[in-house]
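Enquirer: Could you have a look at this structure, given as structure tokens, before my questions?
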Number of protein chains: 2
Amino acid sequence: MMQGAIRTTSFSLLRAVHFSSSVRIMSSLVTIPPPPVLLQPLNVPHRVMLGPGPSNNPPRIQAAGGLQLIGHMHPEMFQIMDDIKQGIQYAFQTQNNLTLAVSGSGHCAMETAFFNVVEKGDIVLIAVKGIWGERAADIAGRIGADVRYLSKPVGEAFTLTEVEKALAEHKPSLFFITHGESSSGVLQPLDGMGDLCHRYNCLLLVDSVASLGGAPLYMDKQGIDILYSGSQKVLNAPPGTAPISFSESASKKIFSRKTKPPSLYLDLKWLANYWGCDGKPRIYHHTGPVTNYFSLREGLAILAEQGLECSWARHRENALKLHKGLEELGLKLFVKDPELRLPTVTTISVPIGYEWKDITTYMMKNHDIEITGGLGPSTGKVLRIGLMGYNSTQPNIDRVLIALRDALQHCPKNKM
Amino acid sequence: MMQGAIRTTSFSLLRAVHFSSSVRIMSSLVTIPPPPVLLQPLNVPHRVMLGPGPSNNPPRIQAAGGLQLIGHMHPEMFQIMDDIKQGIQYAFQTQNNLTLAVSGSGHCAMETAFFNVVEKGDIVLIAVKGIWGERAADIAGRIGADVRYLSKPVGEAFTLTEVEKALAEHKPSLFFITHGESSSGVLQPLDGMGDLCHRYNCLLLVDSVASLGGAPLYMDKQGIDILYSGSQKVLNAPPGTAPISFSESASKKIFSRKTKPPSLYLDLKWLANYWGCDGKPRIYHHTGPVTNYFSLREGLAILAEQGLECSWARHRENALKLHKGLEELGLKLFVKDPELRLPTVTTISVPIGYEWKDITTYMMKNHDIEITGGLGPSTGKVLRIGLMGYNSTQPNIDRVLIALRDALQHCPKNKM
């Protein structure tokens, strides 16, 4: 019986004849031809990625990204997701049960936070000191939140006093602030922020996409209620997953909301189950990005092996070396207060007389090094250099300084 | 001057001393230790993925997933995104300009469609004949659509007459239907559906996640206004990106809507720019999943090289061989009408006397082959076997039939 099924040569030939004729019929309907560009090989150049991210992936993470797939519901996959969960708990310094990675970029994690924690009409206070606050306000506004702003010029950070005044004035249920403001190069101090928010009956939501693993961050000790990050910065994994975690208070708000979140894809009732956070058997929600999970798991494993403290110290040490080298080139660091400088992304004021684009283009063309200009409100004001995770090394500091000196010597300079 | 920056040995040593002491201070605050599980190596078993997806990735796509990153805004990345766009236009058989891949799974593409095309209060008609219609209704409901249903038992398809009656009754602005209903194994005929919808001033939204590349589909000729798919089925790329395309009429509705879509991440005004569809210089929206784009590009390139017609014919031919083999094993195909059987995912009625879970577990344990049970309304009713893209081969047909015969011989059978 089986043999008949497996050795169906004559049957197979018959079908082939049958289908050749169907193909002929069908092919007259295929009017869009295969694009010639897809018949050429994929060509990906090698770059030293010293912008604000994505950063380079070490060979171990590249290898993970090239592994064969397993199923999104296989026990081995759930084990890897559990590994990721524990890795995020370590990286975030939290014991939160509701800890997972969303299937998207940092923006997707930002939406996951707002979509689940905020309901229509809720007052949310957004600290804007660069692009991320602007994006957060956009997202909150779309879902009907009553958005209030606390703003500061690009390159500065907020004080507890300023935040307290705004909390007292607006009485928000959620306060958003960015830890590592990669558009300005500012590291926002967070000590005391959680207690302050809680005194005003407000949840604290922190964006750590550009800072996680590169600067001290203690979710539980600092009283952060919702914290998210990205995979493609210090964790050196490809973009496509974003770690996120929720405190007990945040979870309570999420699971007692009156309306469904606007997104099924990002609904934490579903995601909590998919990530084994609700103690129930896991049921199908969506197909997670399997190979991105492999890579993220390895990124978190490398961080666990190195230790958070070593990673923080190395990022700070290398940032200071870079800062010194930049000042020796006659360049001006954009963030005035040394204590507020983000160790992962350094901003330099665009040197007088130069076009920023000339410099980044020159470095890419002649040195295969990416550094970038500003973003959002810092556009045109700064150049940005990232030293993140695997890329935070002395040879990369040397490389970027040599390339930058070369660019300054060769790019056109207008006399002012 | 540069030398000073690059050879900062004494400076470096000083900082190292300084930071060792800061690390000691900081380490007292690190209370969550590195998880031991992350200190063990990543372990990914090899599986023959003959379920409804994800399917196995051919070596060429695995290699693409393991490439080093480039930036999400590098010109080479934009070229690869342009390649993807053209590849989707070919696979969808469309000339639509607004064609791109969203940064998420098939569910994310489904949300992209509803979030952008539907506004609060819009009447949407959802054809439910399996899980995908249920999910679509859930998504539409969350954003305030007036959701109407057209339902059919699992295993059947809709006729034009049934659809016309419902269009006349509900007067929806959008009609959702699944082409390849992977939960039931039904291939929904689409000829005439577009014209019908347009006569009723309604846009046609089609889910082709499980059918694209495996069964004839002509977006433009069939008058489909919104079509989306997934990366992890016939295209054999990892999950994490989802092709989607919009007709002129759909684009008009999207770009003349009165309210912003609920999601910034999925807002087509932004995505159209990011994917070079609006003719303007591309500006930063989100960080796309760079390596997933590499893989998707290669999946589309393989389809372009093989040709759509050959791919359709091969899937059909292999499905028929599989069906014959299954019937020779005494199994019953779940979809009665041979014309309605999906070539990519075959459903079998769970054989009488067996627990479906025993069979799938046995095949995984003893043959490293994934086949699955039902999903949503087909749970407990069917077993599902996928032969998709790279996996649609004679050796895989042989493998799955041998393993299934073995399972039927060794799994417990209750006498009825």
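Enquirer: So in the protein assembly as shown, what percent of DSSP beta bridges are antiparallel if you round to the nearest 5?
Expert: 50
Enquirer: Do the alpha carbons of any pairs in B:Lys129/B:Lys332; A:Lys129/A:Lys252; A:Lys280/B:Lys381; B:Lys129/B:Lys253 sit beyond 25 Å of each other, and which pairs?
Expert: From B:Lys129/B:Lys332; A:Lys129/A:Lys252; A:Lys280/B:Lys381; B:Lys129/B:Lys253, over 25 Å: A:Lys129/A:Lys252; B:Lys129/B:Lys253.
Enquirer: So which aspartates and glutamates can B:Lys413 reach, going by Cα to Cα under 20 Å and dropping same-chain residues fewer than 8 places off?
Expert: Partners within reach: B:Glu327, B:Glu328, B:Glu355, B:Asp358.
Enquirer: Tilt of helix A:308-328 relative to the longest C-alpha principal axis of chain A, in degrees (0 to 90, nearest 10)?
Expert: 60
Enquirer: Additional query: Could you identify which residue out of A:Leu322, A:Leu268, A:Leu42 has the top mean-square fluctuation in a GNM of chain A using Cα springs shorter than 10 Å?
Expert: A:Leu42
Enquirer: According to the square roots a ≥ b ≥ c of the eigenvalues of the Cα gyration tensor, what is the shape class of chain B, taking rounded for a/c under 1.5, prolate for a/b larger than b/c otherwise, and oblate for the remainder?
Expert: Taking the square roots of the gyration eigenvalues as a ≥ b ≥ c, chain B is oblate.
Enquirer: Modelled label-to-label distance, B:Lys171 and B:Asp195, 7 Å Cα→beta-carbon offset: nm?
Expert: 2.5
Enquirer: Quick one: if you stick a label point 7 Å off each Cα along the C-beta vector at A:Ser349 and A:Glu164, how many nm between them?
Expert: The two pseudo-label positions are separated by 3.3 nm.
Enquirer: Nearest 5 is fine: what % of DSSP beta bridges in chain A come out antiparallel, could you say?
Expert: In chain A, approximately 50 percent of DSSP beta bridges are antiparallel ones.
Enquirer: From the helices alone, meaning DSSP H stretches of at least four residues, give me the mean residue ellipticity at 222 nm for chain B, per-run term -39500 (n - 2.57), in deg cm²/dmol to the nearest 500.
Expert: Result for chain B, helices only: -13000 deg cm²/dmol.
Enquirer: Also, I was wondering about something else. Evaluate peptide B:295-302: per residue, the Cβ atoms of other protein chains within 10 Å of its Cβ; return the mean as an integer.
Expert: Partner Cβ neighbours, averaged per residue: 3.
Enquirer: How many partner chain Cβ atoms sit within 10 Å of a residue's Cβ in peptide B:145-156, on average, as a whole number?
Expert: 0
Enquirer: Identify the residues of region B:45-73 with backbone N under 13 Å of a label point that sits 7 angstrom from the Cα of A:Gln79 along the Cα-to-Cβ direction, or state none.
Expert: From region B:45-73, the list is B:45-46.
Enquirer: Shifting gears a bit: In nanometres, what is the gap between the two model label sites at B:Lys332 and B:Leu39, each 7 Å from Cα along Cα-to-Cβ?
Expert: So the two model labels end up 5.6 nm from each other.
Enquirer: If you don't mind, another one. Let me check against my output: what whole-number percent is the relative contact order of region A:285-406, with C-alpha pairs under 8 Å and at least 6 apart?
Expert: Dividing the mean separation by the residue count of region A:285-406 yields 25 percent.
Enquirer: Still on this structure, please answer the following. Once you order the gyration tensor axes a ≥ b ≥ c over the Cα atoms, which shape class does region B:158-265 get: rounded for a/c under 1.5, otherwise prolate or oblate by comparing a/b with b/c?
Expert: Judged from the Cα gyration tensor, region B:158-265 comes out oblate (a/c at least 1.5, b/c at or above a/b).
No lab work stands behind these numbers, since they all come straight from the coordinates. Just so it is clear, the model here is predicted, and its values are computed rather than measured. Here the Cβ is made from the backbone with ideal geometry for all residues, glycine too, and neighbour counts use every protein chain on show.
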